[in-house]
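Here's the structure, in structure tokens; my notes come after.
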Amino acid sequence: MTATPPVRRRLLGSALREYREGVGYNLDEAARVLECDRSKISRIETGQRGIRAKELRELLTEYGVAASEQEALLAIAHRGRENGWWLDYRDVLSAAGQDYVIMEIAATEILAYEPNRVPDLLQTPQYARALADADPNCTSDEQRAHAVEVTLARQRIVLGDRDPAAEFVVTEGALRQAVGGPAVMRAQLDLLAGLGRTHPRASLRVLPFAAGAHAAAGSGPMTILRFAQTPAIGIIHLAGLSGGVSLEGRDDIARHLRAYTGLRAAALSVSASARLLRSLAKEN
């Protein structure tokens, strides 16, 4: 049985196919750019094989792809192949998890919906530790410590260094779930209420109980990663106990963007969400 190609290769291949078809090239014409046979181009576009940075840039330049989009794709394709801080955490980050971290760091826009807990990128260290303590996949103190370190590293690099546009929709139920005790929750809720001050390009909206039925009722968490404002380049990550799945198809992206738009419309405004968060913090 043929293994499913890694999501980074699938994403890159889909984008290359979109760009090639957009300029009207067939496989043979693309192959002439790299002086290779058409089967190599086909395997790259289906994610069955990787592509060297020089070859990728040659194809993207030939297709007339903007510099910002080229850099995003190069980062997705080649960052972390042989080095990267995430390689020190293979006990808590699978190969698929490492791929996700690499794409998250490269993303220029993050849209996330979380029905069960505070999103990873917004957790305090104490909240993250309480979740690690409850995670059955973390079977040792070292693994639990590593899980927290990964969460904090992602926050520092993504929201600190990279600073993408980021929107979060979190259910009221997730915010009322008592994780780590009153003091932990109070600090966590205070942090969320002040998100706009600490990270001006990030926003949080609360989906209240009063919203009733909504666009993701019955679904779990989802994160949409977008790159260089290009609709053809995106990833949908659906988290799960087994690591979750990532989707990169055009129809998948459109479907989940519609759902996210519905969730955002049903949620409280950013200012009303901050007021609710401060109120919840006082209850702890």
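The values are calculated or read from the model by the stated rules, or taken from the named source; none is laboratory data. Everything numeric in this text was worked out from a predicted model, so none of it was measured. All Cβ positions, glycine included, derive from the backbone under ideal geometry; neighbour counts span all protein chains shown.
A few notes on this one:
- Residue pairs meeting the criteria (Cβ under 8 Å; at least 6 apart or on separate chains; first farther than 15 Å from residue 118 by Cβ and in the same structural domain as residue 101 (by TED's automatic domain parsing), in the range 155-169; second among the small types (Gly, Ala, Ser) and part of a helix (DSSP H, G or I)): none
- Pair list, Cβ < 6 Å and 6+ apart or interchain, from the range 63-80 residues that are crowded, with 21+ Cβ neighbours inside 10 Å to residues that are modelled with pLDDT under 80: 72/228
- Of all the listed residues (111, 93), the sole one being outside any helix (DSSP H, G or I), in the same structural domain as residue 202 (by TED's automatic domain parsing) and crowded, with 20+ Cβ neighbours inside 10 Å is 111.
- Of all residues in the range 242-257, those satisfying the criterion of being in contact (Cβ under 8 Å) with a residue 24 or more places away in the chain and either outside the structural domain of residue 104 (by TED's automatic domain parsing) or aliphatic (A, V, I, L, M) (or both) are 253, 257.
- If you check 269, 242, 246, 279 for being over 18 Å from residue 167 (Cβ atoms), of a type outside the set (A, V, I, L, M) and at pLDDT 95 or above, only one passes: 279.
- Here the condition is being of a type outside the set (Val, Ile, Thr) and closer than 22 Å to residue 237 by Cβ; of 35, 58, 69, it holds for 69 alone.
- Any hit, the range 40-61, residues being surrounded by 14 or more Cβ atoms within 10 Å (Cβ to Cβ), closer than 28 Å to residue 153 by Cα and not aliphatic (A, V, I, L, M): yes
- Residues in the range 229-239 that are within 13 Å of the chain's Cα centre (by Cα) and either in a strand (DSSP E or B) or modelled with pLDDT under 80 (or both): 6 in all.
- Cross-chain or 6+ apart pairs with Cβ under 7 Å, the range 258-275 first and part of a helix (DSSP H, G or I), then of a type in the set (Lys, Arg): 264/205; 270/205; 273/205
- Within the range 20-75, tally of residues that are polar (S, T, N, Q) and assigned to a helix (DSSP H, G or I): 5
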